[in-house]
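Only one structure is covered here, and it is reproduced in the block below.
The values are calculated or read from the model by the stated rules, or taken from the named source; none is laboratory data. Just so we're clear, the structure is a prediction, and the values are computed from it rather than from any experiment. Positions of Cβ are backbone-derived with ideal geometry, glycine not excepted, and every protein chain shown enters the neighbour counts. Just the protein is used for accessible areas: all its heavy atoms, side chains included, with ligands, DNA and RNA removed. Shrake-Rupley method; radii C 1.70, N 1.55, O 1.52, S 1.80 Å.
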Amino acid sequence: MAPYLEWTLEESPAGTGLQRFVGHGRERPAQAGTAEAYESYEPPLHAPRRWGLSAEAVAHLGDRLSQFWLRFRGSFTTRTRDTSAHAYDYLRAQLTMDTERNFANIDRTLHGGDGQALQHFMSNSPWSGQVVFSQIQAELKAIPALAHGSTLILDASADEKAGTQNAGASRQYNGRLGKVDICRVDTCLTYANGGLWAMVDGELFLPEEWFGEAFAQTRHELGIPPERTFETKIALGLKMVKRVKAHGVPFDLLACDALYGRDSQFRADLDTAGVLYAAQVPADTNVYVSEPHVGVPEKRGKRGRPRTRLHVLSRQRPHEVRALARDPRTVWQQVVVRPTERGRLAADFAVQRVWTVAVGQRPRAEWLVIRRGAEGDCSYTLLNAPEDAPHERLIAWSCRRYFIERTFEDAKTEIGWDEFQAQKYRAGEHHLALTAASLWFVAQTKLAWAQAYPRDPELARQLAVEVLPALSTANVRELLKAVLPLRQLKQHLANLRRKDLLPQLRNDSSIC
């Protein structure tokens, strides 16, 4: 697969806005000349074809969305009804509207309706969000370029709420705000390969209090499935990882943050399932620098029952990982993490073989990778990679969580994931699934265009950069809005035509 860029067109030295990329033929000389003159003309830096932006591909972007919806159409049909048209409206709204993507405003913007049918489709229609995720996974599996080098990333995303009237809302930790507040939390699996990222599974986390008698009536009113039982975020995440693996989705590594990585049983379960992981852990995580001897202590005296639980019998003491970071004997090396628009991002890394011991279990050998930033702050990652794994590869694996931030940022700032307002459980399930579908449409479009329309290799030299910027989610949305104008824009153009004001705007690519 061709390498993707880690930064967007707007961030790059070439960025001047998308309007320059939409206008067809605008890269021609200002004065029309002969064909020979045009062929000898050196295209400017922002010429769309040099960036792999085919005029034909952009013109057919709306058709691409329609074909995408048709592939998913069966996910929204039942034996008696076909409600898939509402799914198309929701996808289009997420990808072309900028704010207020609620049921009423979506329907009013697209069709002039009141949103009741769309609300019923999202809140009450019995289609399954997992079927949508299964379709995403099936399409992902069918792309040869993603067969190797892919990462699954497990993380939770919180969305603040005003009260507990929303399914799953409770006082819990909100990582986005960095504090405990009333919020609902989705546990999600992201798939990343190079500069492509998409959401491939997700479920709403329901706090334990929601299964008590105090919430019995609320569970019924909001449609919490009777078969759902309490699962911790860790148990929910492990279930999703096993589910994606069972579906045959190819990935080389699972990355997760300290919420999951701190649980030694979770890491052991991943290892048993044959999943290679890079799990961040807290600074106070205890590790041994040599393998401890573990066994059942001998019984002392005649009283009491014989001991059965495993304990560390040897004399060596565990070390907190932050103590190893401060140890003068720790060997550090500076490694370039990735290129950015401001140059290469580098950090200091230390790699060490360690052993961890969960209560009542045998020691497990793991790799510890410590990353030290420019300000001296450290992060810690444990990996179950083979003993002969090269340090460079371990360091690269420990940095894979970067793409979860890109996925969540795109979902919330561009697709409207955090604009969800409905209260029912099923509406949340459907909103999460369609948000994932929108992200997958963007990712698939970027990949298809990168493969079909190669870029001018001279661009990197002209811009003096190592890696060219890729289309961002915002870029794709701008192009889609140009070819699928919203209802208000159509009316605005009609008004201009009636006032004879349109001719002077015909060459404006922002309204094409």
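The separation of region 187-206 from region 385-430, counted between C-alpha centres, amounts to 5 Å. Positive end of the dipole of region 106-258 (Cβ unit charges, origin at the Cα centre): among Ala167, Gly115, Ser128, the Cα lying farthest that way belongs to Ser128.
Given just the C-alpha atoms of region 83-182, how large is their convex hull per residue in cubic angstrom? Could the numbers behind the result be given before it?
Numbers: hull volume 16.3 nm³, N = 100.
Residue-normalised Cα hull volume stands at 163 Å³.
The phi-based Karplus calculation (6.51 cos²θ - 1.76 cosθ + 1.60; θ = phi - 60°) puts the 3J(HN,Hα) values of region 330-338 at 5, 8, 10, 9, 8, 10, 7, 6, 5 Hz, whole numbers, x for Gly and Pro.
Let me check I've understood the local charge: for Ala162, count other residues with C-beta under 15 angstrom from its C-beta, Lys and Arg +1, Asp and Glu -1. What total comes out? Kindly include the intermediate steps, with their values, before the conclusion.
Values: positive: Lys161, Arg171, Arg184; negative: Asp159, Glu160, Asp181, Asp418, Glu419.
Charge balance near Ala162 sits at -2.
Amide H to amide H distances under 5 Å link Arg176 with Ala158, where only residues 5 or more positions off or on other chains count and H is placed in the peptide plane.
Here the peptides 95-103, 182-190 are ranked by packing, the mean other Cβ count within 10 Å, and the order with the highest first is 182-190, 95-103.
Please get the size of the charge dipole for region 166-293, origin at its Cα centre, with Cβ charges of +1 on Lys and Arg and -1 on Asp and Glu, quoted in debye to the nearest 20.
Working: 13 positive and 17 negative charges, 47 e Å.
So the dipole magnitude of region 166-293 works out to roughly 220 debye.
State the Cα centre-to-centre distance between region 100-117 and region 271-287 in whole Å. Centre-to-centre (Cα) distance: 46 Å.
Hey, with R₀ at 25 Å, roughly what FRET efficiency would Glu139 and Asp269 work out to, going by the Cβ-Cβ distance, to 0.05?
0.30
In order along region 431-439, phi translates into HN-Hα couplings of 4, 4, 5, 6, 4, 4, 5, 4, 4 Hz, rounded to whole numbers, per the Karplus curve 6.51 cos²θ - 1.76 cosθ + 1.60 with θ = phi - 60° and x for Gly and Pro. Solvent-free Debye calculation, one equal scatterer per alpha-carbon of region 177-283: log10 I(q)/I(0) at 0.16, 0.18 Å⁻¹ equals -0.85, -1.02.
The protection proxy used here, the mean number of other Cβ atoms lying within 10 Å of each residue, ranks peptides 438-450, 281-293 as follows, highest first: 438-450, 281-293. Over 24 Å between Cα atoms: which of Lys141/Lys233; Lys179/Lys233; Lys233/Lys424; Lys161/Lys245; Lys161/Lys424; Lys233/Lys446 fall into that group? In this structure, Lys141/Lys233; Lys161/Lys245; Lys233/Lys446 lie more than 24 Å apart at Cα. Backbone geometry of region 57-64 corresponds, through the Karplus equation with coefficients 6.51, -1.76 and 1.60 at θ = phi - 60°, to 3J(HN,Hα) couplings of 5, 5, 4, 9, 5, x, 5, 4 Hz, x marking Gly and Pro. When the alpha-carbon atoms of region 367-474 are used, the pair Rg, Dmax equals 19.3, 53 angstrom. Residues whose amide H falls under 5 Å from that of Leu345, counting only those 5 or more places apart or on a different chain, are Val337, Arg338, Thr340, with hydrogens built in the peptide plane. Peptide packing for 379-388, 205-214 was compared via the average number of neighbouring C-beta atoms within 10 Å per residue; ordered from the highest value, the list is 379-388, 205-214. Measuring with a 1.4 angstrom probe and ignoring ligands and nucleic acids, Ser157 comes out at about 10 Å² accessible.
Stretching Glu458 away from His60 to a fully extended chain increases their span by 140.6 nm, per 0.36 nm per residue minus the current alpha-carbon distance.
For the pair Glu221 and Arg338, the difference between a 0.36 nm per residue extended length and the Cα-Cα distance amounts to 37.2 nm.
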